[in-house]
1. Please name whichever of VAL136, ALA75, PRO101 sits farthest to the positive end of the charge dipole of segment 23-165, dipole taken about the Cα centre and charges placed at Cβ: Lys and Arg +1, Asp and Glu -1.
2. Expressed as a whole percentage, what fraction of the accessible surface of the chain belongs to carbon and sulfur atoms when a 1.4 Å probe is rolled over the protein heavy atoms?
3. Run the dipole for segment 43-138 about the Cα centre, Lys and Arg Cβ at +1, Asp and Glu Cβ at -1, nothing else charged, and hand back the magnitude in debye, nearest 20.
4. Residues of the chain: accessible area per residue at 1.4 Å, in Å²?
5. Between 0 and 90 degrees, rounded to the nearest ten: what's the tilt of helix 69-78 against the longest Cα principal axis of the chain?
6. With +1 on each Lys and Arg Cβ and -1 on each Asp and Glu Cβ, how big is the dipole of the chain about its Cα centre, in debye rounded to the nearest 20?
7. Run the reach check for LYS77 against lysines, Cα to Cα strictly under 22 Å, same-chain hits fewer than 8 apart removed. What comes back?
8. Just to verify a number: FRET efficiency for SER74 and PHE129, C-beta to C-beta distance, R0 = 22 Å, to 0.05?
Amino acid sequence: MAGLPVAQPFGCLVAGYNVRDELPECWLIEADTTNATLSAPISLIPDETGIYWAGQPRWISRLLLGIDQDGVASALKNAFQVADDKILAALDAIKSYTEVPMVHPAMPLQDAIDLGRFLVQMTATSVRFSPGEQTVGGPVEIAAITRHEGFRWIDRKLYFDARLNGETMR
């Protein structure tokens with residue numbers, strides 16, 4: 001039917017530490033709401049340190065990769081008639097010149113927390129000043145997962161007085 005929104009997959013990230021391994025893991029599971037199916041879990045950052053972003057990727061892609069991948073792919077195809085099978089290679093070549101690595105394995109936890117907060121706030125502000133629906137915003141909740149401390153709230157909105165949330169606030 002015309003006018004109905006295109007169904008988007010609903011995703012859930014599961015991250016943490018496996019008791020049998022020293023390295024963190026991050027898995028994506030997506031639900032296809034049209035066919036009522038779940039994807040097999042996909043490992044997002046296998047054997048390396050990195051950032052995964054989704055939802056409104058344009059602004060973080062522009063900052064970290066130096067390009068809006070969807071916009072540049074459309075420009076390559078429509079303005080420069082680059083064949084579909086060559087677009088991914090062209091995007092990779094462009095990113096090799098424009099990408100800014102901001103994360104490294106020895107990054108202090110506080111720097112990773114600050115970077116995550118910045119990327120969310122940058123996205124929310126960029127969406128706010130862009131035409132269209134305001135799809136990012138509101139209070140930002142931040143948690144850290146470390147091997148030694150486990151899950152720990154860093155910044156959290158409280159629905160009840162902090163004294164009633166003591167076991168979740170460290």
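1. Selected residue: VAL136.
2. Roughly 58 percent, rounded to a whole number.
3. It comes to approximately 320 debye.
4. Numbers: 12490 Å² over 170 residues.
Counting only protein heavy atoms, the per-residue value for the chain is 73 Å².
5. Tilt relative to the chain: about 10 degrees.
6. That gives the chain a dipole magnitude of about 460 debye.
7. LYS86, LYS95
8. Details: r = 22 Å, r/R0 = 1.00.
So, using R0 = 22 Å, E works out to roughly 0.50.
The values are calculated or read from the model by the stated rules, or taken from the named source; none is laboratory data. Quantities reported herein were computed from a predicted structural model and do not represent experimental measurements. Neighbour counts run over all protein chains shown; Cβ positions are idealised from the backbone, glycine included. Each accessible area value is taken on the protein alone, full model and side chains, heavy atoms only, with ligands, DNA and RNA left out. Shrake-Rupley method; radii C 1.70, N 1.55, O 1.52, S 1.80 Å.
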